[in-house]
Amino acid sequence: ATTTTTEYGMNTLNVWLLKQEAAGTIDSEMAIMLSSIATACKQISSMVTRAAIADMTGLAGAENVQGEDQKKLDVISNEVFCNCLRASGRTSVIASEEEDTPVGVEETYAGNYICVFDPLDGSSNIDAGVSVGSIFGIYSETEQCLVDDDDEEKLAKCVTNVCQPGNNLLASGYCMYSSSCVLVLTVGDGVYGFTLDPSMGEFVLSHNNMKIPGTEGQKIYSFNEGNYAMWEEGLQNYMTSLKTGGAEQGSKPYSARYIGSLVGDFHRTLLYGGIYGYPGDSKNPNGKLRLLYECAPMSMIIEQAGGKGSTGRERILDIDPTEVHQRVPYFVGSKHEIDYLESFLK
Ligand code: P6P
């Protein structure tokens, strides 16, 4: 008799990483980085799930560099990510949404990767139990940034020099903390999803070689339409066409789905198709989302899954950052949806 295991059931993240290393897709250094990030995500998942019980909801009483009120879990999630990356011994510099400037890892633990991340995106949803997520990107340290780690400005400049997504973003991913905890990542060879099995504390392969649906996908648009009045005219015309074009052409009109949490809205778009957007507007011409640790990593994933990530006028992965927390208008989703959107913004 032969034992049968489901194709995914026993493919834990660590087994998957060892297989990728054996196949030469990644080296052991990257395997250690991703395993360390997965450990951070497991810890954050546990804290998010128990937030209301462990008095982890509410404000931390401080603001981040973005001028946003930090939630308790923002601060703690950031510490968890930083600690796991330091312990990996493979990280040289950390750039986080929750850190004013990039942070060098002490020499003894330093490695050759720069890791950028938003440790807990969408945390304004935490108190309501709505899905939130962590987003990360891993760049190879092509310059010795650590030599400047006592000069904040030089270190930040080195990070933006190194973190050019189009040619130096080696891996990216997100972990969604929702009805299930799903870690989705790419190392440049397809997109893979791992669902946390709390009964054994392991991420297990659940979404093999993910591809975003094309025209066969669901007609879903995901925007905060509360900002409609501040949008440029081309975008307003685009939005109107989604709401009326379908009916006029006799086809099913679009559905609006907006969680207000990038990771949740992105994950649904990746699985079902459609478009998510956080446009610039008359108040914030560059929108709200950050290039380095939100739009670039998410755009690497969507392109590896056959979709597109755009500012509406430019491919996200063609943009070289000029400062760590810079914002860009962001549209992401099925290729035909982004192409249609861009046709209104010419
Ligand atoms: P708004 C969360 O704060 C976030 O950065 C993204 O996760 C989310 O998509 C967006 O902002 C929501 O912003 O202005 O619609 O509340």
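We did not get these values from a lab; they are worked out from the coordinates using the rules stated. Computed from a predicted structure; not experimentally measured. As a convention, Cβ positions derive from the backbone with ideal geometry for all residues, glycine included, and neighbour counts pool all protein chains shown.
The table that follows gives values for the structure above.
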{"quantity": "Whether region 269-346 is rounded, prolate or oblate, judged on the alpha carbon gyration tensor where a/c under 1.5 counts as rounded", "calculated": "oblate"}
{"quantity": "Cα-centred dipole magnitude for region 32-155, charges only on beta-carbon of K, R (+1) and D, E (-1), debye, nearest 20", "calculated": "880 debye"}
{"quantity": "Whichever lysines have a C-alpha closer than 21 Å to that of Lys252, once near sequence neighbours (fewer than 8 apart) are set aside", "calculated": "Lys219, Lys243, Lys335"}
{"quantity": "J(HN,Hα) series, region 220-230, from Karplus relation 6.51 cos²θ - 1.76 cosθ + 1.60, nearest Hz, glycine and proline x", "calculated": "10, 10, 9, 9, 7, 5, x, 8, 3, 4, 9"}
{"quantity": "Residues of type aspartates and glutamates that Lys157 reaches as a straight line, Cα spacing below 14 Å, ignoring anything fewer than 8 places off in the same chain", "calculated": "Asp100, Glu141, Glu143, Asp148, Asp149, Asp320, Glu323"}
{"quantity": "Candidates per trypsin sites (Lys or Arg not before Pro) in region 259-299, loop by DSSP, up to 10 other Cβ within 10 Å", "calculated": "Lys283"}
{"quantity": "Segments 104-115, 169-180, 327-338, 40-51 sorted - mean Cβ within 10 Å per residue, highest first", "calculated": "327-338, 169-180, 40-51, 104-115"}
{"quantity": "GNM result for the chain, Cα springs below 10 Å: residue of Ser35, Ser123, Ser92 fluctuating most strongly", "calculated": "Ser35"}
{"quantity": "P(r) histogram, all alpha-carbon pairs of region 163-214 included - 5 Å bins from 0, percent", "calculated": "5, 18, 24, 22, 15, 10, 4, 1"}
{"quantity": "Convex hull volume of the chain per residue (C-alpha atoms, cubic angstrom)", "calculated": "150 Å³"}
{"quantity": "Over region 46-110, relative contact order from alpha-carbon pairs under 8 Å, at least 6 apart, %", "calculated": "24 percent"}
{"quantity": "Scattering curve values for region 172-264, log₁₀ I(q)/I(0), Debye with Cα scatterers, q = 0.15, 0.19 Å⁻¹", "calculated": "-0.81, -1.00"}
{"quantity": "Tail beyond 21 Å, pair distance distribution of region 225-296 (Cα, percent)", "calculated": "36 percent"}
{"quantity": "Stretch gain in nm, segment Lys19-Glu79, where the contour uses 0.36 nm per residue and the Cα spacing is subtracted", "calculated": "18.6 nm"}
{"quantity": "Computed log₁₀ I(q)/I(0) - Debye formula, equal Cα scatterers, no solvent, region 18-142, q 0.12, 0.22 Å⁻¹", "calculated": "-0.47, -1.22"}
{"quantity": "Shape category assigned to region 87-189 from the gyration tensor of Cα positions, a/c cut at 1.5", "calculated": "prolate"}
{"quantity": "Max mean-square fluctuation residue, GNM over the chain, Cα-Cα springs under 10 Å, options Val80, Val147, Val159", "calculated": "Val147"}
{"quantity": "Over the chain: helical MRE at 222 nm, DSSP H runs n ≥ 4 each giving -39500 (n - 2.57), nearest 500", "calculated": "-10000 deg cm²/dmol"}
{"quantity": "For Tyr254, Tyr238, order by how many other beta-carbon atoms lie within 10 Å, fewest first", "calculated": "Tyr254, Tyr238"}
{"quantity": "Region 120-163: C-alpha gyration tensor shape, a/c 1.5 cut-off, then a/b vs b/c", "calculated": "prolate"}
{"quantity": "Set of lysines with alpha-carbon distance to Lys71 below 22 Å, sequence-local pairs under 8 removed", "calculated": "Lys42, Lys288"}
{"quantity": "Positive-end extreme of charge dipole, region 137-270 - chosen from Ser206, Ser255, Gly193 (charges on Cβ)", "calculated": "Ser255"}
